[in-house]
Each structure stands twice: as structure tokens, then as C-alpha cells.
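The values are calculated or read from the model by the stated rules, or taken from the named source; none is laboratory data. These numbers come from a predicted model, not from an experiment. Ideal geometry is used to build each Cβ from the backbone, glycine not excepted, and the neighbour counts take in all protein chains shown.
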Ligand code: MLT
């Protein structure tokens, strides 16, 4: 019936990947099966108590009860700017170059509405986080997919982008540390992206949701690179760093013009983040040193236990340099969807088929390190025990 016909923009999108996987997981659990969930990247550990205490204190202060509006709590913006100076040696003006967001998913989805028009294009990595594509499509523009292939170390081949696509494009998206591949950016790669962006007059959108989850030393912010601040916006998230996925809080930072453009969209779309949540986010960043290194160490232990076991049992995986995702080659002769289905149906383990992240994700499945090392070893044993 025409009344209920979805908009063309929505029809261009498949159902949201993780919502679909969640449905299957819930059905399997409801059927009484002992499911090990390595699907969505949602930390299994609780938010640290000092952050919950800051929320409670904030919620008890009537000054937090009204619309937050504007570009966020000044205390949070100042704390983000101090954090950035300490962590990345990048100076950000808290008033014009930092903007708290309702997690990074909404901001990534909404940002293109500020800059893309119908007929524009944006260069988007695949396999990649689905909102890069959906945000561009919601803005009426076309995503041009840049494959991230193992043979290119999961970096896009900028030389392979056609002149016509480069001319039509208004933005290039990158995501390092990268989901799903677990790769870190190098200075050379970010320098190449910025050079390419300058040549083609592109905005650079960098998703840094996993910036604080790196096992081989600190990950880079693109904003550290010369020339980046003029044309880049970087999205950060407290979700994974502080076990706060449900709280919906992150921030955008970078070029004051791009941050202002995002702000123009957001002030029309939302009314800000609950101020008590912003105060809790402030406490989180202030308590970074007391919490985050231990969390990263925990994931590193899980990564080593899981990847060692998989490799020992004949399933091939390169341990991720960063993120809590393992990008595992599908057993010979299996598509990613078939492999993930068998793993769920016969091993009671939820993994994400690589195809769900884009066509070049075919041949891989993604497993998330969001259960204990013991359960991860059990998951590896169950997966490897199938007769591939
Ligand atoms: C993922 O699993 O890739 C992400 O956690 C999904 C999300 O952040 O929405």
C-alpha cells in the first residue's frame, strides 16, 4: 500500500546489520541454547563506578534537568580539549572545535546533512561501519565504496578512485583504528589521505571510535597531522573506552567550520545530551588513567587467548593491532554468511558475516572480544570443531 511505502532513501538500505544479528541471537537464547555472543561490539563489563557516581550526583542536581541545548556542557568541552592536548598534543578550542554528541553513530549519520547535496558523492571505506553509507544516503548523496583489502593492508587504494568519482566527491571517510580489520593508521597513510583530500577539495571524516583501544602504543588522531585541522572532522566515542555504549555520548572535533556545520544540523535535530550524562563523561575522561590502561590490557589478554587458540586449531586470524575485533578468514569454500550461519546454528557462537560490512568483507567473519578469555577459548574450540 502506497501509504506505507518506505522512502526511496530507506529502501536503498538493508535492515541494520546488528539489529538483525541481535534478533537471531535472542531467538537462540530464548530456545535455551548456551550462546556465546561475539557479534556486536558491546562491552560485557559494567561502566566504572566513579562514572556512575558522577551521573547520580548530576541527576540529583536540578540544574541538569532542563534542555541541555547548545554545543554541550562547557566543562565537558574543556575536559575534552585538555584530554586531546595531553593525549595527542593537539590544541582544540573548546568553544569552537569540540562538540559533544549523542554517541558517534548519530553524529556520523547526521554530519553529511550539513555538507552533502543530491548528486554529490562521498568516498566511503568498505568493509566498514554501516552508518558511513547510510548517512551519505540519508543526505541524498551517493556513497562511492573504497575497498579495504588484505593485500593493501586494509588501507584504501586512493589511486584506484576514478577521476569522475573524485570530482563528484565532497568528502572522504576513514576509520582508524579500523573496524572490522583491527588495523592502525600510519602517519604515511594519513598524510596520503590529506594530500588526496587537498588535491580534490574534500572534507576528511575520520571515525576514531576505537582510538583508545590499541595494543601497540597510542593510535594516531588525524588532527595531529599537518594541514588536517583545515578540512577534517574526527568522531570520538566514550562507548567502548569506558564501557558506556548505552549512555550515548561521544564528541566531534576538528575544523571549527565543520564542527559549526554539524552543530547547525544538531541544534535542529536534537536538544542536547542530558547534562548529568555530560558530567559523567567529564568524570570518565578525568579518570582515564585509572581505568583505560587496565581495560586495554584485559582485551589484549583476551585477544591473545582467542587468536592463539583459533590459529592453533587451524582457523586463520591475524591478531588485531587495535580494536576488540578479530577479522577471521572464512574456512575454505564458505561464504561469510554460510560460515556465520553454521557457527551460530552448530556451534552456538554469534559472529558477524564480513559481507554485512560491504562486498569486500566477503571471505571473513568478525568476532568481538566481549566475553571472558575462557569463553573465547571455548568459542574458538566450538568453531574449530565443526567439520569444515
Ligand atoms: C560494531 O559492532 O561494529 C559497533 O559496536 C556497532 C555500533 O557501534 O553501533
Considering segment 27-47 alone, what residues qualify as being more than 15 Å from the ligand (Cβ to nearest atom) and not in a loop (DSSP other than H, G, I, E, B)? 27, 28, 29, 30, 36
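Conditions tested, residue by residue: (1) away from the ligand (no atom under 16 Å from the Cβ); (2) surrounded by 23 or more Cβ atoms within 10 Å (Cβ to Cβ); (3) part of a strand (DSSP E or B); (4) in the same structural domain as residue 355 (by TED's automatic domain parsing).
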site: 111; (1), (2), (3), (4): no, yes, no, no
site: 132; (1), (2), (3), (4): no, yes, no, no
site: 167; (1), (2), (3), (4): yes, no, no, no
site: 172; (1), (2), (3), (4): yes, yes, yes, no
site: 177; (1), (2), (3), (4): no, yes, no, no
site: 189; (1), (2), (3), (4): yes, no, no, no
I'm trying to understand the selection: among the residues of segment 280-298, which are over 17 Å from residue 87 (Cα atoms) and surrounded by 22 or more Cβ atoms within 10 Å (Cβ to Cβ)? 280
Restricting attention to segment 8-17, does a residue exist that is within 21 Å of the chain's Cα centre (by Cα), within 16 Å of the ligand (Cβ to nearest atom), buried (at least 16 other Cβ atoms within 10 Å of the Cβ) and closer than 21 Å to residue 380 by Cα? no
Scan segment 214-225 and give yes if some residue there is farther than 20 Å from residue 154 by Cα, in contact with a strand residue (DSSP E or B) (Cβ under 8 Å, 6 or more places away or on another chain) and crowded, with 20+ Cβ neighbours inside 10 Å, otherwise no. yes
I'd like the full set of residues that are more than 19 Å from residue 332 (Cα to Cα) and crowded, with 22+ Cβ neighbours inside 10 Å, limited to segment 357-388. 357, 358, 368, 369, 370, 376, 379
Can you pull out every residue in segment 209-248 that is in a loop (DSSP other than H, G, I, E, B), away from the ligand (no atom under 13 Å from the Cβ) and closer than 24 Å to residue 295 by Cα? 211, 212, 215, 216, 217, 218, 219, 220, 221, 242
Residue check for residue 367: in contact with a strand residue (DSSP E or B) (Cβ under 6 Å, 6 or more places away or on another chain) and either in the same structural domain as residue 241 (by TED's automatic domain parsing) or outside any helix (DSSP H, G or I) (or both): yes
Which one of 98, 136, 124, 90 is assigned by TED's automatic domain parsing to the domain that holds residue 279 and within 16 Å of the ligand (Cβ to nearest atom)? 124
Need pairs with beta-carbon distance below 8 Å; first residue at positive phi and within segment 362-388, second within 16 Å of the ligand (Cβ to nearest atom); sequence gap 6+ or separate chains. 363/336; 363/354
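Sort through 351, 377 and tell me the only one that's modelled with pLDDT of 95 or more, in the same structural domain as residue 306 (by TED's automatic domain parsing) and within 16 Å of the ligand (Cβ to nearest atom).
Numbers: 377 fails: within 16 Å of the ligand (Cβ to nearest atom).
Of the residues listed, the single one that is modelled with pLDDT of 95 or more, in the same structural domain as residue 306 (by TED's automatic domain parsing) and within 16 Å of the ligand (Cβ to nearest atom) is 351.
Yes or no, residue by residue, for (1) outside the structural domain of residue 205 (by TED's automatic domain parsing); (2) within 16 Å of the ligand (Cβ to nearest atom); (3) within 29 Å of residue 299 (Cβ to Cβ); (4) touching a residue at least 24 places away in the same chain (Cβ under 8 Å):
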{"position": "25", "(1), (2), (3), (4)": "yes, yes, yes, yes"}
{"position": "64", "(1), (2), (3), (4)": "no, no, no, yes"}
{"position": "72", "(1), (2), (3), (4)": "no, no, yes, yes"}
{"position": "117", "(1), (2), (3), (4)": "no, no, no, yes"}
